[in-house]
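First comes the structure, then the notes that go with it.
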Amino acid sequence: MIELVYPLDPAPLIGPEADASEIVPVVDENGLVIGRASREYCHAGEKTPFKRAESPENTPIGEKTPSKPAESLLHPVVHLQIIDRYSRFFLQHRSANKETFPNRWDTAVGGHVAYGEYYQEALFREAGEELGLFDFNPQYLDNYIAENEGDREMVGLYITVGAFDLHPDNYEVSEGRYWTIEEIEANIGKDVFTPEFENEFQTYKERILALL
């Protein structure tokens, strides 16, 4: 399990200033926090193949910040897969307000880790905000790096088992329901789900089912 390791003093700011609530940690592949940046700036990387970024300490103080980073900044996010005893996966329907993949079905809970948070703190916060879910027992499953054009995320993946009374927030999440494995597999590759959910489902399905 990768734990985030924060420096004693605030990490260097990469990119433009932003509200504290919009600042996320920038990490290396071992979870060491090497900087902080706005979520928008982390998602603004040039759409080019990834190359390792130099340490932010190598950027001279006072140097003008470019409007886009030369490459995507690796930052942590959390995902929660919810499954019931009938092997059904609860999925959220992304609202039309979402900038990426609006109106598609996705992992039950997903969101950014805010600067100063750890994975489980962010997990409970996001579950409460998106689904009104506060009382659950998350089990850690894995960390993996998800790379898309202009975005690079270190995902902390958790699972919880149960038939919960869930209440989507109706802003980021328009609705939610439990899907059978057969329903999910019949709709993969048809632009029903986000690509990240499809990859996560296909990669971790057997490990998730083994926890039942």
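The values are calculated or read from the model by the stated rules, or taken from the named source; none is laboratory data. Note that the structure is a prediction, hence the values are computed from the model and not measured. Cβ: placed from backbone, ideal geometry, glycine included. Neighbour counts: every protein chain shown. We work out accessible area using only protein heavy atoms, side chains counted, and drop any ligands, DNA or RNA first. Shrake-Rupley method; radii C 1.70, N 1.55, O 1.52, S 1.80 Å.
Observations on the model:
- Computed in the context of the full set of protein chains, the accessible area of the chain at 1.4 Å probe radius has 48% of its extent on carbon or sulfur.
- Lys, Arg +1 and Asp, Glu -1 on Cβ, resulting dipole of the chain about Cα centre, debye, nearest 20: 280 debye
- Each of the peptides 106-113, 138-145, 80-87 was scored by the mean count of other Cβ atoms within 10 Å over its residues; in descending order, highest first, they stand as 106-113, 80-87, 138-145.
- Axis of helix 119-131 versus longest Cα principal axis of the chain: the two differ by about 60°, to the nearest ten degrees.
- Residue-averaged 222 nm ellipticity for the chain, from DSSP H runs of 4+ at -39500 (n - 2.57), nearest 500: -5500 deg cm²/dmol
- Placed amide H near residue 73: partners under 5 Å, 5+ positions off or other chain: 45, 152
- Axis angle, to the nearest 10 degrees, between helix 195-209 and the longest C-alpha principal axis of the chain: 60 degrees.
- Each of 101, 203, 111 was placed along the dipole of the chain (beta-carbon charges, centred on the mean Cα), and the one lying farthest toward the positive end is 203.
- With at most 15 other Cβ atoms within 10 Å, longest stretch of the chain clear of loop GluC sites (Glu not before Pro) (DSSP): 150-212
- Think of a 1.4 Å ball rolled over the protein heavy atoms: the stretch 151-212 then has 49 Å² of accessible area per residue.
- Accessible area expressed per residue, the stretch 71-115, with surrounding protein chains retained (probe 1.4 Å, Å²): 36 Å²
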